[in-house]
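Have a look at the structure below before the remarks.
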């Protein structure tokens with residue numbers, strides 16, 4: 001995320017496609033992640049239209065910057081969580 005905007009592609013964690021082969025087939029994965037991505041894009045578009053803004057968090061630059069700085073640390077933590085959940089379920 002950039003402080004001036006949050007694009008619809010920023011939400012997409014690289015972990016989801018990498019971990020999903022363990023849980024579903026490629027065709028299901030494509031369909032499900034496609035639905036999620038489409039729904040996210042529609043939601044962001046509607047929020048921007050209703051709020052009459054060009055980007056998410058446009059009026060809250062401090063929060064946007066905080067999220068941008070936090071994101072590089074979240075994916076590794078999520079990956080560790082997924083690994084431990086997989087071990088715990090065995």
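The values are calculated or read from the model by the stated rules, or taken from the named source; none is laboratory data. Bear in mind that the values here come from a model prediction, so they are computed numbers and not experimental data. In this analysis, Cβ positions are derived from the backbone assuming ideal geometry, glycine residues included, and neighbour counts consider all displayed protein chains.
Remarks
- Residues within region 1-29 that are more than 16 Å from the chain's Cα centre (by Cα) and either on the phi > 0 side of the Ramachandran plot or modelled with pLDDT of 55 or more (or both), tallied: 8
- For first residues located in region 16-45 and more than 23 Å from residue 83 (Cα to Cα), partners that are modelled with pLDDT of 85 or more and surrounded by 11 or more Cβ atoms within 10 Å (Cβ to Cβ) and lie 6+ apart or on another chain with Cβ distances below 8 Å form the pairs 44/56.
- Checking each residue of region 65-75 against the condition of being in contact with a helix residue (DSSP H, G or I) (Cβ under 8 Å, 6 or more places away or on another chain), modelled with pLDDT under 90 and either in a helix (DSSP H, G or I) or closer than 30 Å to residue 89 by Cβ (or both) gives at least one match.
- Residue 57, sole failed condition from (1) assigned to a helix (DSSP H, G or I); (2) at positive phi: (1)
Condition check ((1) under 14 Å from the mean Cα position of the chain (by Cα); (2) surrounded by 14 or more Cβ atoms within 10 Å (Cβ to Cβ)) across all residues:
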site: 40; (1), (2): yes, yes
site: 49; (1), (2): no, no
site: 52; (1), (2): no, no
site: 58; (1), (2): no, yes
site: 65; (1), (2): no, yes
site: 69; (1), (2): no, no
site: 74; (1), (2): yes, no
site: 79; (1), (2): yes, yes
site: 86; (1), (2): no, no
